[in-house]
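The values are calculated or read from the model by the stated rules, or taken from the named source; none is laboratory data. All figures in this text were calculated on a predicted structure; none of them were measured in a lab. When we count neighbours, we look across all protein chains shown, and the Cβ atoms used for this are built from the backbone with ideal geometry, even at glycine.
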Amino acid sequence: MKKKILLIIFIIILIVGSFIIGRQVGLNAEDDKTQIVTREETVSNHDIKKTLTASGTVEAKTTEKLELETTKYFKAMCVEDDDTVKAGENILEYTNGTYLTAPYDCVVISSNVPETENKCTSSNYIEVSNLDTLITTISINENEINSVAVGQEVEITLTADESKTYTGKITKLDSVGSYQTSGTTFSGTVEFENDDTVKLRNEYILHSYIKRRKRSN
């Protein structure tokens, strides 16, 4: 009888002990979970910008000489040098009542025409510049040349209207600089599209070069 009682007591102790040990293990596991901290970070790209400034004059990207018809006789010019002509407008009149017209929006740079009522020859021409795409050549200081590269975007402001900004790109950078007493400078070419408001002659412009490179946080 005593043996049975002792066995029962032992079993009860074993059950109670197992319960207590199991509970303690569970609590320790919960403590371990609460100590695990997950931090979520958002990775993003940012543009690092470096601004430079320079000045120059606006020029046409494309200039060509329009040939006169050598079977016709010259009568009169319909425009003058430096005139802006829209596509299809008359530039020159022949004696038979026909015209040489502008192939595109352009500015008349120079002309070489015969005397009135004389026959046109292959040496006669009207030199024009295309107004659609414009360029400017600017000087970049040697201390800033490493901050710019071909293909970078450029913000352009005309002094004729500084409230308006044009977006262009650097299309060429000279690899050989020009030495001056103030330091070495490098020539760069910037190309941008005309919105039909930009004149070519005596237009001084300001450039804001934007250096772009990616950085992740």
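Test residue 79 against the criterion of being outside the structural domain of residue 199 (by TED's automatic domain parsing), outside any loop (DSSP other than H, G, I, E, B) and surrounded by 15 or more Cβ atoms within 10 Å (Cβ to Cβ), and give yes or no.
no
Examine segment 110-117 for a residue that is hydroxyl-bearing (Ser, Thr, Tyr) and in a loop (DSSP other than H, G, I, E, B), and state whether such a residue exists.
For segment 110-117, residues hydroxyl-bearing (Ser, Thr, Tyr) and in a loop (DSSP other than H, G, I, E, B): present.
Take segment 61-76 and flag every residue that is assigned to a loop (DSSP other than H, G, I, E, B), modelled with pLDDT of 95 or more and not acidic (Asp, Glu).
Residues satisfying the conditions are 68, 70, 71, 72.
Somewhere in segment 122-132, is a residue modelled with pLDDT of 85 or more, among the β-branched types (Val, Ile, Thr) and out of contact with any Leu (no Cβ under 7 Å at 6 or more places or on another chain)?
No: zero hits.
Does segment 116-134 hold any residues that are within 30 Å of the chain's Cα centre (by Cα), surrounded by 18 or more Cβ atoms within 10 Å (Cβ to Cβ) and β-branched (Val, Ile, Thr), and which are they?
The one that is within 30 Å of the chain's Cα centre (by Cα), surrounded by 18 or more Cβ atoms within 10 Å (Cβ to Cβ) and β-branched (Val, Ile, Thr): 128.
With the condition kept exactly as written, say whether any residue in segment 155-168 is modelled with pLDDT of 85 or more, outside any strand (DSSP E or B) and outside the structural domain of residue 81 (by TED's automatic domain parsing).
Checked segment 155-168: no residue is modelled with pLDDT of 85 or more, outside any strand (DSSP E or B) and outside the structural domain of residue 81 (by TED's automatic domain parsing).
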